[in-house]
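Derivation of every value follows stated rules applied to the coordinates shown; laboratory data play no part. This structure is a prediction, so every number in the text was calculated from the model and none was measured. Don't worry about glycine lacking a Cβ; one is built from the backbone with ideal geometry, like all the others, and counts go over all protein chains shown.
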Amino acid sequence: MNYQYVVQRLLLALVVVLGITFVVFMIMQIVPGDPARVILGPYASEESVAGLRARLGLDRPFLEQYLVWLSKAVRGDFGQSLLNSQDIAPQLRGRIGPSFELAMVSLVIGLVIAFPIGIISALKPGSAIDIIATIFSQIGVSVPSFWMGILLIIVFSLNLDLLPPSGYTPIWEDAGDWLAHIILPAFTAGFVSASIQTRFIRSAMLDVLNANYVQTARAKGLTERTVIMRHALRNALINIVTIIGLQITALFSGIVIVEVVFSWPGLGRLAFNAVEERDYPLLQGTVLVIAIMVTMVNLFVDLLYFLLDPRIEYA
Amino acid sequence: MESPGLISIRKEATDAPLGPANTLWRDAFRRLLRHRLAMFGALVLFVVVVMGIFGPAITPYDPNGMDFADRFATPSFEHWMGTDDFGRDIFSRIILGARVSLMVGFIAVSVATVVGTGLGLMAGYSTRVTDEVIMRAMDVLYAFPPILLAIAIMAALGKGIGNAMIAIGIVYIPIFARIARGAVLGIRNEEFIIAAKAMGAGDIRILLTHVLPNVLSPIIVEITLSLAFAILAEAALSFFGFGTQPPDPSWGRMLSEGRAFFRQSGWMGVFPGLAIFFTVMGFNFLGDGLRDALDPKLRR
C-alpha cells in the first residue's frame, strides 16, 4: 500500500486546520474600526470600551494576539461568551451532538432517495424515468432550503399536526420523540443533498456500466441483477464515496440554515445567535469547530477511499 | 462507447462548410439552442432580467405603498399575488426584488470570477511554491460551509447588501481558482504556449491572450451555476436579516417578514419562494445546457 499518500493527506489536513484557525481569528480583525466599540455600541463609555479591548487582547500586536488565541484554542479554551460571560467550550460541546445527528440522518435520507433514482436512471439513460430524475435533481438544488423548511412546518406541523415544528429531544431520553423532531429538518437538508447525489450516482453508474468487465459479466450469462449488484454497483461505490465526501461541506451549509429554521440546538444555530448578539468570541469558537468537523470528515472519507481503492496516489 | 454528442459534432463538421463562420463558439451556440431545458432556463431568466431592468416602471402598484384597508387580500385580478400584512401588492414587490437578487448575484459572482480565476491562472502557470501557497489557501476557504463563511464575514463587516455581495463573492473564490488552475495545467505544455514563450512573450501576455481564452468555457459554465448559488445565498442571508435592509424588497426578506402569516395567508410564503426557485432553476438549467454545449465530450 502507498502509505506516502496517507502521510501527505494527514499533513494537508494539518495545514488546512492551521489555515482555518487563521481565517477564524481574522473574523474579529476585519471588523471595521474598533471591534470593542462595535460590540458595546455607540453609547458605551471610553473606559468600558478600553476594558473590553484589553479583555479581548485587542491592545496587543497582531501576531501576538493570534498566537495567544491559537495556543488557547488548541487546549480547547475559546474564552468566554461576551453575552453571558460563560466559558464557550462547554457550550460548544453540548451543540456538537445534535448537529452531528442531524447531519448523519440528513445524509442517510439523501442517500436513500438518491441511490434508487440514480441507479435506475443510469440503467435506462434517455428514458422517461431518466428525464424525470434529471428534472428532480435540478428542482432539488434550486429549492431554497429555508423556504422548504417553512412549507413543511406549515403542512406537517401546523395543518396536519403530525410532527413537531421545532425543538429537540436527546435520543437517550426518548427515542420516539427524538425521531419525531428530527424528521422534518433532516428531510429538508437531505432532500437538497439527494438531488445532488442523484446526478453523481447516475454518472458513476454510467461509467462502470460501460466498462469491459461489466460486459464480460453479461457475456458470461450472469443475471442482470448479479451484474448490477455484484459487478457494477460495487465498483461505482468507490466513486460514490468520494462524492459523498465532497458533499459534506455543502451538507453542513444546508444544516446551518435548517437548524435556524427548525430551532435545532446545534452549532449552526449557535453561530447564528452569536452573529445576532455580536458575540465574536462565541462566533469564532463555533465556526472553528464546524470547519474542523468538516475537514475531519473529509479526511476520513479520503482515507476510506484509499482503503477501497489502493491504486490512488497523491496528485 | 460514443456519445450522441460526438456523433452530432462529426456530422456537423462534415456538413458545414469550412471557413471562419464555422467557429467553435458558433457550434456551441447552436447546440445550446437545441438544448430544451437550457432554453426553458433562458426564457425564465429573460423574464427575471426584464423585471430587474424595468422594475419600478412596470410594477402595477407602488411596491412600498401601504393600504391598510386591503391587508391580506387573496390573489385576484386586482392583486395577482395578493397583498401582505401592510396591504402592499406582493406582485409589485416581487418585480422589484428581482433587481436585488440579480444585482447581488452578478456582483458577487464577478468578484469570485475575477479574483478566483486570477489566482487559479497564477497558481497553474507559476512556480510550484506559488501554486502550493495559493491552492492551500483555497483549500482552507473551501473547508468552511459556504453559508457559514458568508454569515461570519457579514458578522465582521456588518449587515447590508454591499457586504452580502463581498461575503458571497469571497465564498466562491476557491471554486473558480480550482477550475482555472485545472484548465491551465491541462494546456500549459501545449505547443502554442511554448511557441509564444519562444517568441519572447511575457507571462502576463501569455496568460491573458493565450491561456485565458482556452480556459474560458469551463469558467463560463461555472459563472452560470454560481449565479444560481449566489442568488440562493443572498436569499438565505436576507431571510436571516443579514442581507438587504428595509425598505428594499428582497425575496428572502419577504419570506422572513411574512413568516408569521404564512398559515393564514399562504400566498405570502408561496410567491417569493417560487420567485427564488424559478430564478435559481433558470440559472441551473442554462448552466447545464452550456456545459453540454461547450464540452460535448462530457454529454451523456
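Highest mean packing first, where packing is the average number of other Cβ atoms within 10 Å per residue, the peptides B:173-184, B:42-53 line up as B:173-184, B:42-53. Close amide-amide hydrogen proximity is noted between residue B:61 and B:92, each under 5 Å apart and 5 or more residues distant or on a separate chain (H modeled in the peptide plane; Pro and chain starts excluded). Helix B:146-157 and the longest principal axis of the C-alpha atoms of chain B enclose an angle of approximately 70°.
Peptide A:284-292 is shielded by partner chain Cβ atoms: per residue, an average of 3 of them sit within 10 Å of its Cβ. Within chain A, the selection of entire DSSP H helices by a Cα span of 20 Å or greater along the long axis and an average Kyte-Doolittle value of at least 1.6 returns A:3-29, A:234-261, A:280-308.
Peptides B:161-168, A:283-290, B:218-225, A:121-128 ranked from most to least packed by the mean count of surrounding Cβ atoms within 10 Å: A:283-290, B:161-168, B:218-225, A:121-128. The calculated P(r) of the range B:147-207, using every Cα pair and 10 Å bins from 0, goes 20, 29, 19, 19, 13, 0 in percent.
Extending 7 Å from the Cα toward the beta-carbon at both residue A:71 and residue A:179 defines two label points whose distance is 5.1 nm.
Note on B:153-159: average number of Cβ atoms from other chains within 10 Å of each residue's Cβ is 6.
Extension gain, residue A:108 to residue A:213: 0.36 nm times the residue separation minus the Cα-Cα distance gives 34.8 nm.
Taking a ≥ b ≥ c as the square roots of the Cα gyration tensor eigenvalues, with a/c under 1.5 meaning rounded and otherwise prolate when a/b beats b/c, else oblate, which class fits the range B:67-158? The shape class here is prolate.
Seen from every direction in turn and averaged, the convex hull around the alpha carbons of the range A:219-288 projects onto 6.8 nm². Taking the C-alpha atoms only, the angle from helix B:161-187 to the longest principal axis of chain B is near 20 degrees. The simple spin-label model puts a point 7 Å past each Cα toward its Cβ; for residue B:77 and residue B:57 those points are separated by 2.8 nm. Split chain A at each of the GluC sites (Glu not before Pro) in a DSSP loop with at most 12 other beta carbon atoms within 10 Å, and the longest piece is A:1-172. A simple packing score, the average count of other Cβ atoms within 10 Å per residue, orders the peptides B:81-93, A:17-29 as B:81-93, A:17-29, with the highest score first. The smallest convex shape that holds all Cα atoms of the range A:1-149, its convex hull, gives 223 Å³ per residue. The Cα atoms of the range A:193-315 give a gyration tensor whose axes a ≥ b ≥ c have a/c of 1.5 or more with a/b greater than b/c, which makes the shape prolate. How much FRET efficiency would the formula 1/(1 + (r/R0)^6) give for residue B:69 and residue B:274, where r is the Cβ-Cβ distance and R0 is 25 Å, rounded to 0.05? Working from the Cβ atoms, E equals 0.40. Quotient of the Cα radius of gyration of the range B:177-296 and 2.2 N^0.38 Å, N being its number of residues: 1.59. Which whole-angstrom value gives the distance between the alpha carbon centres of the range A:202-219 and the range A:247-315? The range A:202-219 and the range A:247-315 have Cα centres separated by 35 Å.
Classify the protein assembly as shown as rounded, prolate or oblate, taking a ≥ b ≥ c as the square roots of the eigenvalues of its Cα gyration tensor: rounded when a/c is under 1.5, otherwise prolate if a/b is larger than b/c and oblate if not.
Rounded.
Over all directions, the projected convex hull of the C-alpha atoms in the range B:205-259 averages 5.2 nm² in area.
Using bins of 20 Å that start at zero, the share of Cα-Cα pairs per bin across chain A amounts to 26, 49, 22, 3, 0, in whole %. Paramagnetic label reach from residue A:84 (point 7 Å along Cα→Cβ; backbone nitrogen cut-off under 19 Å): within the range A:270-306, residues A:270-287, A:289. Given their separation in residues at 0.36 nm each and the Cα-Cα distance between them, residue B:264 and residue B:197 gain 17.3 nm when the chain is fully extended. The angle separating the long axis of helix B:36-58 from the principal Cα axis of greatest extent in chain B is about 50 degrees. Here the Kirkwood formula puts the hydrodynamic radius of chain B at 21.5 Å, using every distinct Cα pair. Averaged over peptide B:232-242, the number of partner chain Cβ atoms lying within 10 Å of each residue's Cβ comes to 4.
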